[in-house]
1. Considering only DSSP beta bridges where both residues belong to the chain, give the percentage that are antiparallel (nearest 5).
2. Given that just one value was derived from the coordinates, which of (1) 8.4; (2) 9.1; (3) 10.4 is mean projected area of the Cα convex hull in nm²?
3. Name the residues whose placed amide hydrogens come within less than 5 Å of the amide hydrogen of Tyr33, ignoring near sequence neighbours (fewer than 5 apart) on the same chain.
4. Quickly estimate the mean residue ellipticity at 222 nm for the chain, helices only: each DSSP H run with n ≥ 4 gives -39500 (n - 2.57), and the total goes over all residues, rounded to 500.
5. Can you compute the modelled spin-label distance between Tyr19 and Ser139, with each label point 7 Å from Cα toward Cβ, in nm?
6. Where does the charge balance sit around Glu45 when Lys and Arg score +1, Asp and Glu -1, over other residues with C-beta under 11 Å from its C-beta?
7. How do 105-116, 75-86 rank on mean C-beta neighbours within 10 Å, highest first?
8. At 18 angstrom or more along the helix axis (alpha-carbon based) and mean Kyte-Doolittle of -0.5 or higher, what helices does the chain contain? Whole DSSP H runs only.
Amino acid sequence: LEPSINTMDFYLRPNEFKYVKDSDQYGKRDAWYIIKEAPYNGDCEDYSLTLLYNLTGRSIPKMFISLLTRESKLCFCKVRGTGHAVLKWRGKYIDNIQKRWVSKKNMEEKGYEFSKWLFVPYQVALKLAIGVYIKRKISSS
């Protein structure tokens, strides 16, 4: 079944994700993860990456193809002055605050300030690799 905007909540229901800062969860300021099973606890990047992973068939290669072909983007913005990540997929936007698909204009009306800068695929890969390293280091301690 090809994911669509109408069926996307099947891939990560809004009430399944609980916001938890990286520093509270891993003792680090910024670490990115794809959460593959419940509990879905993480921050804005984790939410965006987990949803994108699910939308692309739970496949890391397909997720990066989606980023490389610009079907999807991990956008950087500020919300109330704080850095934040938002997933753009097939023209719609979602994040761990809204937890529903909306237009960019809708987010801007709610105070989101989008940067022209976005996370390019190699940055996403590097941040994910750092996250895996941190998680392994913590679990082996």
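1. Rounded to the nearest five, the antiparallel share is 85 percent.
2. Computed from these coordinates, mean projected area of the Cα convex hull in nm² corresponds to label (1).
3. Hits under the 5 Å cutoff: Asp46.
4. Calculated from helices alone, the mean residue ellipticity at 222 nm is -11000 deg cm²/dmol.
5. Between Tyr19 and Ser139, the label points sit 2.7 nm apart.
6. Charge balance in the 11 Å sphere: -4.
7. 75-86, 105-116
8. 121-140
The values are calculated or read from the model by the stated rules, or taken from the named source; none is laboratory data. Predicted, not measured: the structure shown is a model, and the values here were computed from it. Cβ coordinates were reconstructed from backbone atoms using ideal geometry, including for glycine residues, and neighbour counts include every protein chain displayed. Each accessible area value is taken on the protein alone, full model and side chains, heavy atoms only, with ligands, DNA and RNA left out. Shrake-Rupley method; radii C 1.70, N 1.55, O 1.52, S 1.80 Å.
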